[in-house]
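Here is the structure we will look at.
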């Protein structure tokens, strides 16, 4: 049985931990409101732009002069997985769910005989991916200095990815992030961003021979829209991740605070019982000594 001093020390230690987790929960809750507002504000534009690109991809006949970001390279042998995670832990299963989705996709592609590479955004996904795919990480974008997500950061990431695509380093790019639904639910999302993904129903309904009119010029419009679409989709992923991270951290710290309270109660009961047993033992010894006299 633990001594009274040891139990008292454990209770004090757990109380200190509880104060920290409670403070982290309050900080995450304060940051969550702003991050959630930003994520929800960015969804309509990103969703609409993605729909426009999908519609264009379904209508335009693929040829040698078609933009590569729209039509692709004509192959799907080399895949780049863009995995967006956070730089900080203590956020529940937020990072592990994203990494798990990326691992599942990588295993599926490798099973089909494809070549897979990883482009990491954030630090928390690197440990697992580096252990399982040590030679397949091509780059890690450092986001540790970013205090608030901006479109400039997404453009920088998109620019590097598009440059690698133009250099022929990969054929298809997939984006992984967590879509914020609530503080309790963050859904891992897999999205193809290069080339523009065309669902089968869109192909069937639109047809490749449908007429598309451009004004002022087809090349000029697509040259502006296609890279911007990649940047916007990455920006949406960063915004969704920011909200999902704070929501998951708030939930995790709330659970940790309640668990610490339960542990304090159990340790307090054990401390009181141990103290009562010690007092009873002392009384028995005093009474026994008095009777012996």
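All of the numbers you see were taken from the coordinates with simple rules; none came from a lab. On a predicted model such as this, the values are computed, not experimentally measured, just so you know. Please note: Cβ atoms are built from the backbone with ideal geometry, for glycine as well, and neighbour counts cover all protein chains shown.
Taking N as the number of residues in the chain, what is its Cα Rg relative to 2.2 N^0.38 Å?
Relative to the rule-of-thumb radius for its length, the chain sits at 1.46.
Give, in nm to one decimal, the length gained when the segment between residue 255 and residue 135 is fully stretched (0.36 nm per residue of separation minus the Cα-Cα distance).
Extra length available between residue 255 and residue 135 comes to 39.5 nm.
Please arrange 50, 112 by counting, for each residue, the other beta carbons lying within 10 Å of its beta carbon, fewest first.
112, 50
Compute the Rg to Rh ratio over region 1-136 from the alpha carbon atoms, using the Kirkwood formula for Rh, and round to two decimal places.
Ratio of gyration radius to Kirkwood radius: 1.18.
By average Cβ neighbour count within 10 Å, what is the ranking of 81-93, 123-135 from highest down?
Order by mean packing, descending: 81-93, 123-135.
For the pair residue 274 and residue 291, how long in nm is the line joining their label points, each one 7 Å along Cα→Cβ?
Computed distance between label sites residue 274 and residue 291 equals 2.9 nm.
How many angstrom lie between the C-alpha centres of region 240-261 and region 63-117?
What the calculation gives is 27 Å, centre to centre.
State the extension gain, in nm to one decimal, for the chain segment bounded by residue 167 and residue 190, taking 0.36 nm per residue of separation less the distance between their alpha-carbons.
That works out to 5.9 nm of additional length.
When 40, 215, 163 are ordered from fewest to most other Cβ atoms inside 10 Å of their Cβ, what list results?
215, 163, 40
When DSSP beta bridges are limited to those with both residues in region 38-249, what percentage is antiparallel, rounded to the nearest 5?
Restricted to region 38-249, the bridges split so that about 35 percent are antiparallel.
With an 8 Å Cα cut-off and a minimum separation of 6 or more residues, compute the relative contact order for region 38-249 in percent.
35 percent
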